[in-house]
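Written out below as structure tokens is the structure these notes cover.
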Amino acid sequence: MTQNELLLAELRARGRRGMTPRDAMRIETADGIVSIYRLAARVKDLRDRGHDIRTAHDPSGPHARYLLVEDVCPACGSRAHVFCNREPEQVGLWR
């Protein structure tokens with residue numbers, strides 16, 4: 001599994017929790033622990049492939065939190081819709 005495939009799977013699994021660079025340093029897989037040191041570069045690769053990944057400020061530290069928008073509603077956590085018919089700014093998670 002490539003880092004891009006691993007990152008996409010991990011973003012889907014994490015849902016509205018998203019992923020920070022700190023999270024990317026320790027990803028548990030069936031094969032053991034994997035680290036993605038260049039998370040921003042892998043996010044750019046996925047964005048270039050058409051995935052809608054948003055960047056939010058992480059209140060727990062001075063780093064970004066990446067969220068995959070196409071899979072989860074940030075307001076309610078549902079996978080059935082994206083924004084509960086509200087704009088991202090109304091939800092308060094996106095910049």
- So which residues in region 1-38 are under 8 Å from the mean Cα position of the chain (by Cα) and surrounded by fewer than 16 Cβ atoms within 10 Å (Cβ to Cβ)? Arg12, Arg17
- Task: Taking only region 18-54 into account, find how many residues are among the charged types (D, E, K, R), in a loop (DSSP other than H, G, I, E, B) and farther than 13 Å from Glu5 by Cα.
- Result: 4
- Query: Among the candidates Ala80, Ala75, which residue alone is of a type in the set (Gly, Ala, Ser), surrounded by 17 or more Cβ atoms within 10 Å (Cβ to Cβ), modelled with pLDDT under 95 and not in a helix (DSSP H, G or I)?
  - Reply: Ala75
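The values are calculated or read from the model by the stated rules, or taken from the named source; none is laboratory data. These numbers come from a predicted model, not from an experiment. Virtual Cβ from ideal backbone geometry, glycine too; neighbours counted across all protein chains shown.
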